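First the structure, in the form of structure tokens, and then the observations on it.
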């Protein structure tokens, strides 16, 4: 005679009592409760699900660009520029390697932290490329106009692209920043060009550097002359070449000059409209050794 096997008893201790194994109906209830708890935990987001294979997780925040370091160029300018003139002979002998190192850093630049940092970068790049362009033909160079294509054909690498000097000025700096004060910073290595600054442009102080350069130039008779008797305002030819920039900023060349010029010239200009004339331009090299 065969006997049906009773299910083994499952015992668990609750307090001090032994609880016998539940029957089939009770087992179904427990299983249902466990399933409900599992679904509840999933709905509450207990642990984020892993991204599916082949899909990217949430995008990481892009790191802020590292501020560009112009200290090498600042050292070079401090050592070899005075009153807008450059000691090219000493620079070539003492700091040519540092200049090359700075130019390499310009070539690899990528990304800028803000508007002033980008403008400072391009102003410094332009002036550094002009200096290097002069040194490539120095000694023996009397004017950059002797070098064919100095401003248009010679290409310089900056921010991972090739540019001519005129492209940097007319396709990047002027249209993007629309600030006529840049014309008193960009130095074309000529005697009549606004003077090369003896410090590199610094993003933290760029606005004060631009304002100081513009004010100093406008209050120098080398660049601005007021003739109250003839009612003639004589200006650097730079303000003729880029007249549009100054007029868009102030309405007229006279109005732009009035923003920065000091007395007695300011009072004289305020009394009447002046005829504007432009001075001759001296392209002789801004070489300290010839002065």
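In the set (1) free of Cβ contacts under 8 Å to residues at least 24 places away in the same chain; (2) surrounded by fewer than 17 Cβ atoms within 10 Å (Cβ to Cβ), the condition left unmet by residue 243 is number (2). Residues in the stretch 258-279 that are part of a helix (DSSP H, G or I) and surrounded by 15 or more Cβ atoms within 10 Å (Cβ to Cβ): 258, 265, 266, 268, 269. Reported count of residues in the stretch 65-121, each being surrounded by fewer than 16 Cβ atoms within 10 Å (Cβ to Cβ), without any contact (Cβ under 8 Å) to a residue 60 or more places away in the chain and not in a helix (DSSP H, G or I), is 5.
Rundown of residues vs (1) part of a loop (DSSP other than H, G, I, E, B); (2) in contact with a strand residue (DSSP E or B) (Cβ under 7 Å, 6 or more places away or on another chain), yes/no style:
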| site | (1), (2) |
| --- | --- |
| 222 | yes, no |
| 229 | yes, no |
| 233 | no, yes |
| 244 | no, no |
| 249 | no, no |
| 256 | no, no |
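When 228, 203 are screened for being surrounded by 14 or more Cβ atoms within 10 Å (Cβ to Cβ), over 20 Å from residue 84 (Cα atoms) and in the same structural domain as residue 166 (by TED's automatic domain parsing), only 203 passes. From 163, 137, which residue is surrounded by 19 or more Cβ atoms within 10 Å (Cβ to Cβ) and assigned by TED's automatic domain parsing to the domain that holds residue 203? Going through 163, 137 in turn, just one is surrounded by 19 or more Cβ atoms within 10 Å (Cβ to Cβ) and assigned by TED's automatic domain parsing to the domain that holds residue 203: 163.
Under the condition of being touching a residue at least 60 places away in the same chain (Cβ under 8 Å) and assigned to a loop (DSSP other than H, G, I, E, B), the residues counted in the stretch 172-217 number 18.
Being part of a loop (DSSP other than H, G, I, E, B) and in contact with a strand residue (DSSP E or B) (Cβ under 8 Å, 6 or more places away or on another chain): is that true of residue 141 here? Spelling it out, residue 141 is indeed part of a loop (DSSP other than H, G, I, E, B) and in contact with a strand residue (DSSP E or B) (Cβ under 8 Å, 6 or more places away or on another chain).
The values are calculated or read from the model by the stated rules, or taken from the named source; none is laboratory data. Small disclaimer: the values here were computed from a predicted structure and weren't measured. Glycine gets a Cβ as well: all are built from the backbone with ideal geometry, and neighbour counts include every protein chain shown.
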